[in-house]
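**Student:** Structure provided below as structure tokens; questions to follow.
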Amino acid sequence: MEHPEPLPTAVRKGCFLIASPEIENLLFFRGVLLICEHNTSGSFAILVNKPLDVDLPEELVNLSSSPNKNVSIRAGGPVQTNQMMLLHSSPSDQQQLLTIADDVYLGGDLQYLHELIEDESSPPVFLNFGYAGWATGQLDREFLDGSWFLYPASRELLFDTPPENLWKTLLLRMGGRYATLSTIPEDLSVN
């Protein structure tokens, strides 16, 4: 299925940053990041398709007894991996929320997190540990060199697509040569 809108031609906030098959870094291999900021100071993105299997201290967050089963823990990137950031689609009047795309928000304090996980009707919430960052112009150069592809982010793709399918789903939606890239096996030695 091809995307009806033109694909982004420049890095910008609110786009998925999709790793090309040439990226072999374990964390970014077949990675999909959400660009949260891109300006003259640099770029900041969160990896969204790499689930983490970690136990959080119960005094911080008790996910095992949470009524909201739409809470998942993700590796956000290699920088400040001890920092937890909330990615969700629940607007609030909190001033610390950053709008990333339509119905996609970054931020919220611990009290807000508790409200989200205690409400079984709350939309999905990603607890992302760490982030990815680039110096001024660095991500633009990597995109122009073909290391990354871009696709407009949406709430539906982010929260409704299983993380293990997101990379392939986005490439298929991009169509053409990108759809072909989605069929490359993870391990080329089994080809």
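**Student:** Thr9 accessible area, nearest 10 Å², 1.4 Å probe?
**Tutor:** Result for Thr9: roughly 120 Å² accessible.
**Student:** In addition: With all protein chains present, how much of the accessible area of the chain (probe radius 1.4 Å) comes from carbon and sulfur, to the nearest whole percent? It would help to have the intermediate numbers written out before the result.
**Tutor:** On the way: 4890 of 9940 Å².
Ligands and nucleic acids excluded, carbon and sulfur give 49 percent.
**Student:** While we're here: Which of the lysines could a cross-linker bridge to Lys168, judged by Cα under 19 Å and excluding same-chain residues fewer than eight apart?
**Tutor:** Straight-distance partners of Lys168: Lys50.
**Student:** With each pseudo-label sitting 7 Å past Cα toward Cβ, what's the Ser92-Thr180 distance in nm, one decimal?
**Tutor:** Modelled inter-label distance: 4.8 nm.
**Student:** Just to verify a number: what accessible area does Leu157 come out at with the full protein assembly present, 1.4 Å probe, Å² rounded to tens?
**Tutor:** Roughly 10 Å² of Leu157 is accessible to a 1.4 Å probe.
**Student:** For the chain, list log₁₀ I(q)/I(0) at each q in 0.10, 0.14, 0.18 Å⁻¹, using the Debye formula over Cα point scatterers of equal strength and ignoring solvent, two decimals each.
**Tutor:** With one equal scatterer per Cα and no solvent, log10 I(q)/I(0) is -0.41, -0.79, -1.26.
**Student:** In nm, to one decimal, how far is the Asn39 label point from the Asp145 one, both placed 7 Å along Cα→Cβ?
**Tutor:** Once both label points are built, they end up 2.6 nm from each other.
**Student:** Moving on to the next point. Hey, can you find the accessible area per residue of the chain for me, probe 1.4 Å, expressed in square angstrom?
**Tutor:** 52 Å²
**Student:** Could you sort Glu120, Glu142 by their accessible area in this structure, using a 1.4 Å probe and putting the largest first? Show your work: numbers first, answer last.
**Tutor:** Values: Glu120 140, Glu142 50 Å².
Ranking Glu120, Glu142 by accessible area, largest first, yields Glu120, Glu142.
**Student:** Top to bottom by accessible area (1.4 Å), largest first, where do Lys69, Lys50 land? Mind dumping the intermediate values first?
**Tutor:** Numbers: Lys69 140, Lys50 45 Å².
The residues order as Lys69, Lys50, largest area first.
**Student:** Return one number: the angle in degrees, 0 to 90 and rounded to the nearest 10, between the long axis of the Cα atoms of helix 163-174 and the longest principal axis of the Cα atoms of the chain.
**Tutor:** Orientation of helix 163-174: about 40 degrees from the principal axis.
**Student:** Based solely on its DSSP helices, what 222 nm [θ] is calculated for the chain when runs of n ≥ 4 H residues each add -39,500 (n - 2.57) and the sum is averaged over all residues, nearest 500 deg cm²/dmol?
**Tutor:** When only DSSP H runs of four or more count, the value is -5500 deg cm²/dmol.
**Student:** Can you pull the one-decimal nm distance between simple spin-label points at Asn70 and Ala10, each 7 Å off the Cα toward Cβ?
**Tutor:** For Asn70 paired with Ala10, the spin-label model returns 3.5 nm.
The values are calculated or read from the model by the stated rules, or taken from the named source; none is laboratory data. Keep in mind that what you see is a predicted model, and the values were worked out from it rather than measured. Neighbour counts run over all protein chains shown; Cβ positions are idealised from the backbone, glycine included. These accessible areas exclude ligands, DNA and RNA; they are computed on the full protein's heavy atoms, side chains included. Shrake-Rupley method; radii C 1.70, N 1.55, O 1.52, S 1.80 Å.
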